[in-house]
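See below for the structure under consideration.
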């Protein structure tokens, strides 16, 4: 199948943990090394051959739209859609259904910074139903613990396991390639204990249905820019 040319980037959140840094701008527009986080992501996707990007915006959306416009200044075509209700990542993905149509697409959170080389393998899903990026770490308790088989395929995904519960060193790195089949799994989601529709539950349902989900290890730079401390470290 042909290479992936579309991407969805989730950029609707305020990022309250950033405190006063996001009083006037959404978190994905916080500067890292002189450029917004979101610009690093868009430039990385463009380098990998992605031509069309849908930005899901919300809080202070005009800041994002004024900066990127139609995307022509960044070598891509950018569309926007607003997330009006903040009810979880599982519902956000559904906003991209029309944009993606029958095509596979990359999905990234708007606060995940990686080396641009990470995106290229995500444009080549081959025979996999989806691709999921992972990091090797000693502590998976802060996010999603990913369980893999001997073929480096995802067999399970568990959110916020305690260090005692987790029986894996693979951590969900937050960038994916999906086929349109993800939308039907998202449509069936029920609210998680946190009261949200979780994208990871849809991925887990895919794995349990026996779909082939290939893991891709990110070995180079990776940062979830979630608070001022991480930001300060990146800008040092």
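Exposure proxy for 59, 136, 171: other Cβ atoms within 10 Å of each Cβ, ordered fewest to most, give 136, 59, 171. The stretch between residue 117 and residue 190, if pulled fully straight at 0.36 nm per residue, gains 22.8 nm over its current Cα-Cα span. Placing a label point 7 Å from the Cα of residue 103 along the Cα-to-Cβ direction, the residues of the stretch 59-79 whose backbone N falls under 14 Å of that point are 76-79. Backbone N atoms of the stretch 104-134 closer than 18 Å to the 7 Å Cα→Cβ label point of residue 223 belong to residues 109-119. Largest GNM mean-square fluctuation across 14, 194, 60, computed for the chain with C-alpha springs under 10 Å, falls on 194.
If R0 is 25 Å, the Cβ-Cβ spacing of residue 77 and residue 181 corresponds to a FRET efficiency of close to 0.55. Our note on the geometry: Cα centres of the stretch 152-177 and the stretch 12-82, 27 Å apart.
For the chain, a Gaussian network of Cα nodes joined below 10 Å ranks 110, 44, 34 by mean-square fluctuation, and the top entry is 34. For the stretch 75-153, pairs of C-alpha atoms spaced more than 18 angstrom apart make up 59 percent of the total. Fully extending the segment from residue 138 to residue 70 would add 20.3 nm, taking 0.36 nm per residue of separation and subtracting the current Cα-Cα distance.
Counting only DSSP beta bridges with both residues in the stretch 6-234, the antiparallel share comes to about 50 percent. Among 84, 32, 92, the order by Cβ neighbours within 10 angstrom, fewest to most, reads 84, 32, 92. Computing FRET efficiency as 1/(1 + (r/R0)^6) for residue 84 and residue 169, where r is the C-beta to C-beta distance and R0 is 41 Å, gives about 0.60.
Starting from the Cα gyration tensor of the stretch 13-97, take the square roots of the eigenvalues, sort them a ≥ b ≥ c, and report rounded, prolate or oblate (rounded when a/c is under 1.5, otherwise prolate if a/b is larger than b/c, else oblate). In terms of gyration-tensor shape, oblate. Overall, the anisotropy analysis places the stretch 6-234 in the rounded class: the square-rooted eigenvalues a ≥ b ≥ c of its C-alpha gyration tensor yield a/c less than 1.5.
The gain in end-to-end length when the residue 160 to residue 20 segment is fully stretched comes to 47.7 nm, 0.36 nm per residue minus the alpha carbon separation.
Between 168, 123, 137, the residue with the greatest mean-square fluctuation in the GNM of the chain (Cα pairs under 10 Å linked by springs) is 137.
Where a number appears in this text, it was derived from the coordinates with a stated rule and is not lab data. The structure displayed is predicted, hence computed values, not measured ones. Reconstructed Cβ throughout: ideal geometry from the backbone, glycine too, with neighbour counts over all protein chains shown.
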